[in-house]
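Here's the structure we're looking at; comments come further down.
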Amino acid sequence: MNTATRYARHGARFGGEGLRLTGALSLRFTAALGRLTLFTGRILSAVAPPWYGRNFVRQLIEIGYFSLPVVGMTAIFTGMVLALQSYTGFARFSAESAIPNVVVVSITRELGPVLAGLMVAGRVGAAMAAEIGTMRVTEQIDALEALSTDPFRYLVLPRVLAAVLVMPILVFIADIIGVMGGYFIATQRLGFASGSYLQNTLDFLEFQDVFSGLVKAAAFGFIIALMGCYHGYRSRGGAQGVGAAATYAVVSASILILTFNYLITEIFFAQ
Amino acid sequence: MTDATDNAPSAPQISAEGLFLSFGKKEVLKNFSLNIGRGESVVILGRSGCGKSVFLKCLLGLLRPDDGKLFWQNRDLLKERGAPRELRQRIGMLFQSSALFDSLTVWENVAFGLLATKRMNRAEAYDVAIERLAEVELPPETALLSPAELSGGMKKRVGLARAVATRPEILLFDEPTSGLDPIMTRIIDDLILGSVKSLGATAITVTHDMQSAARIADRVALLHGGSICWQGGVDALAAPEDAGNPSLLQFVRGESRGPLALSAEKE
Ligand SMILES: Nc1ncnc2c1ncn2[C@@H]1O[C@H](COP(=O)(O)OP(=O)(O)OP(=O)(O)O)[C@@H](O)[C@H]1O
Ligand SMILES: [Mg+2]
C-alpha cells in the first residue's frame, strides 16, 4: 500500500487527481491479483496426502445437498417465467412452437448455471468466509498449524474440491427442474400437448448445450469456494472483519461468475 | 548474549538471540534474547501487551521475526527449511484464547494431534483423549460436548489437555490458569510440573499468577520494552528485594509506580 501511495503521488504531479486515483486503484488491483494467485498456488500445492475425507464429505453435503431447495426453487420459477415470457414475445410473429427449444437452450446454457452459481455464492460463499474467518480471528487456524496440520489441506482443499464436484451435479438437477417448470406452464397455461412438447425439447437439445453449462458450473464452483476461503482466510479484526469477509466473498464471487460466464460462453461460441 | 551458551550446563534447547518484530510501526520485540535448557521450566512474566504471546508464536513459526536468530538444538529456525515443521511436531501449545476447534467435539479436539501426527485410529485416540481429559479433571461425559457448551475455564482445560495429548517434548502454555479457581489452578500447576519433572518436557509458561509462577518455574524471565529485562531463579519471586532489580520488585509487588509503568505510559 505504501508503494501505491508513493506512485500515486507521482501521478498527481503529472496528471492530477484522476491519474493519481487510477494509479492507486490499478496498483491495488494488481496486488490483490498477486495475492489471489499465491493463494491459488497454495491450494494446488496442497493437493497431496494426508486427505481429509471427513471434511470433504461434510462439504459435499453442505454445498450440494443443502443447496438443493434453493437451487430447485430458483430453477422451477425461472423455467416457468421463461415459458410465459417467450410465449408473449413469440406469439407476435406466430413462432409459439419454438418455446420448448428456447426454454431448454436458455436453461441449460445460461440460466441454470448462472442462477445456481449466484444462489450458491450467496449461500455457501458467505458461510465459508464466515466460518474460516471466525477460525482465523479466534486463532483456530494458528492452532491447526501448531498441531502440524496444513490449513490449506484441512480447510481449503476439501471445500474447493467439493464445490467443483458438486456444482455440475446441482446444475444438472436445476436443468431438469427448470425444463419441467417450462413444461408445466406450457401444458397447463399455454395449451401445448404434453407429448410433443417433451419430444421437441429432446430433439432440439444438443450435447454441447448441457456440456457447456456443466463446465460453467464447475468453474463457478471453483470461484465460489476460492472467494469464500480467500476472504475468510485473510479476515482480521473480530466480528466486523468476519462480516466484511462474508460480504466480499459473495460480491466478488458473483461478479466473477458473471464475468467468467461471458468468457466461457465466448470460448464455446468460437468453436 | 550469544555467550550465554557457554554459561549454561548444556547447550540450550531453544535459544533466541536479538529478535526484532514489529507490527507496522509498533515494535513489539526489540533485541529479545532468551535461552531455555532441556527439561527446564521457564516462566515469562510481563505486563499485558508486552509481547509474551508474540514470542510464543515466533517459536511455533506462526509469526516470523524481522531480524535476529532463533535456534532449536543448534538448528537455525529462520534459515533452515523444514526445521520449523520438525520443531512444531514436538511442541504442544495452549493458546491464550484456548482456540478450540468449534466444529469438532471436545474429544476430537484433544485427540487432534494424535490423529494428525501419531497415526492412531479413532478408537485408540478416543481412549487417550478420555485419559487426558481426566488429567485436567474433566469427566468422560464432556468428551462428546462441543466447545460452545463449555465454560471458559473448561475450555482452557480442554486446550491444556490438547496441548499435552501427544506428550510433546516442548510445552508452551499461554496463561494456563487464567480464569480458573484456586483449586483448579493448583491441579493445573501440578500437571505442568508433572510434565516437566516426570516426563522430562521443557515448558515455557506465560502467566500473571505469581503463586502459580513460583510453584512451576525453575527460572523466571521478565519481559519489558521488547526484551528480557531481568531473569533469574524462581526464588527471586519470594524475595524480590534481594534480586536488586527495581522492575522485578515493582512487578511482583504490583505497584503502579516504577520503571515498568514509565514506558507503558509512553505507548
Ligand atoms: N496480529 C497482530 N497484529 C497487530 N498487532 C499485534 C498482533 N498480535 C499482537 N499485536 C500487538 O503486539 C503486542 C504484544 O501482544 P501480545 O499478544 O504478545 O501481548 P501479551 O504480552 O501476550 O499480553 P497479555 O498478557 O495481555 O496476553 C500488543 O501490543 C498487540 O497490540
Ligand atoms: Mg498474551
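Nothing in this text is a laboratory measurement; each read-out follows from the coordinates by a stated rule. Note that the coordinates shown come from a computational prediction; the quantities given were computed from them, not determined experimentally. Methodologically, a virtual Cβ is constructed for each residue, glycine included, from the backbone with ideal geometry; neighbour enumeration extends over all protein chains shown.
Evaluated on the range B:26-154, the Kirkwood hydrodynamic radius is 17.1 Å, with distances taken between all distinct Cα atoms. Springs between Cα atoms under 10 Å define the GNM used for chain A, and in it the highest mean-square fluctuation of A:Thr201, A:Thr88, A:Thr138 occurs at A:Thr88. Hull volume per residue, based on the alpha-carbon atoms of chain B and their convex hull, is 138 Å³.
Remark: mean inter-chain Cβ contacts per residue of B:95-104 equal 5, using a 10 Å Cβ-Cβ cutoff to other protein chain atoms.
Over all residues in A:144-155, what is the mean tally of Cβ atoms on other chains that come within 10 Å of each residue's Cβ? Working shown, then result.
Working: counts 4, 8, 17, 17, 11, 6, 2, 0, 0, 0, 2, 1.
Mean number of neighbouring Cβ atoms from other chains: 6.
Just check the range B:111-223 against the gyration tensor rule for me: Cα atoms, a ≥ b ≥ c as the square roots of the eigenvalues, rounded for a/c under 1.5, and otherwise prolate or oblate depending on whether a/b exceeds b/c. Oblate is the answer for the range B:111-223, as a/c is 1.5 or above yet b/c matches or exceeds a/b. Looking at the protein assembly as shown, the DSSP beta bridges with both ends there are about 55 percent antiparallel. With neighbours defined as other Cβ atoms within 10 Å of a residue's Cβ, the residues B:Thr166, A:Thr40, B:Thr205 order from fewest to most as A:Thr40, B:Thr166, B:Thr205.
Remark: A:Met80, A:Met135 ranked as A:Met80, A:Met135, counting other beta-carbon atoms within 10 Å and listing the fewest first. The alpha carbons of the range A:210-265 stretch over 43, 14, 12 Å along the principal axes, in descending order. Shielding by partners for peptide B:83-90, expressed as the average number of C-beta atoms from other protein chains within 10 Å of each residue's C-beta, is 2. Name all residues of the range A:211-236 having a backbone nitrogen under 17 Å from the label point set 7 Å from the Cα of A:Ala270 along its Cα→Cβ direction, giving them as ranges. Those under the cut-off are A:212, A:216. Relative to the current alpha-carbon distance between A:Leu33 and A:Leu263, full extension at 0.36 nm per residue lengthens the span by 81.0 nm.
Computed over Cα pairs, the Kirkwood radius of chain A leads via Stokes-Einstein (0.692 mPa s, 37 °C) to a diffusion coefficient of 159 µm² per second. For the pair B:Phe20 and B:Arg85, label points projected 7 Å from Cα toward Cβ lie 3.0 nm apart. What shape does the range B:96-145 have by the C-alpha gyration tensor, where a ≥ b ≥ c are the square roots of the eigenvalues, rounded means a/c under 1.5, and otherwise prolate means a/b greater than b/c and oblate the rest? It is oblate, given that a/c is not under 1.5 and a/b is not larger than b/c. Taking other Cβ atoms within 10 Å as a rough exposure proxy, B:His224, A:His231 sort from fewest to most as B:His224, A:His231. Result for chain A in a Gaussian network model with C-alpha springs under 10 Å: among A:Glu17, A:Glu96, A:Glu139, the largest mean-square fluctuation is at A:Glu17. Pull out a ≥ b ≥ c, the square roots of the eigenvalues of the alpha-carbon gyration tensor of the range B:178-240, then state rounded if a/c is under 1.5, prolate if not and a/b is larger than b/c, and oblate in the remaining case. Judged from the Cα gyration tensor, the range B:178-240 comes out prolate (a/c at least 1.5, a/b above b/c). Each semi-axis of the equivalent ellipsoid for the protein assembly as shown is √(5λ) with λ an eigenvalue of the Cα gyration tensor; in descending order they amount to 58, 28, 19 Å. The GNM of chain B, with springs linking C-alpha atoms under 10 angstrom apart, assigns the highest mean-square fluctuation among B:Leu180, B:Leu56, B:Leu77 to B:Leu180. Distance between the pseudo-spin-label points of A:Gln199 and A:Arg92 (7 Å out from Cα toward the beta carbon): 3.1 nm. Annotation: peptides B:241-247, B:17-23, A:179-185, ranked by per-residue average of other Cβ atoms within 10 Å with the highest first, follow the order A:179-185, B:17-23, B:241-247.
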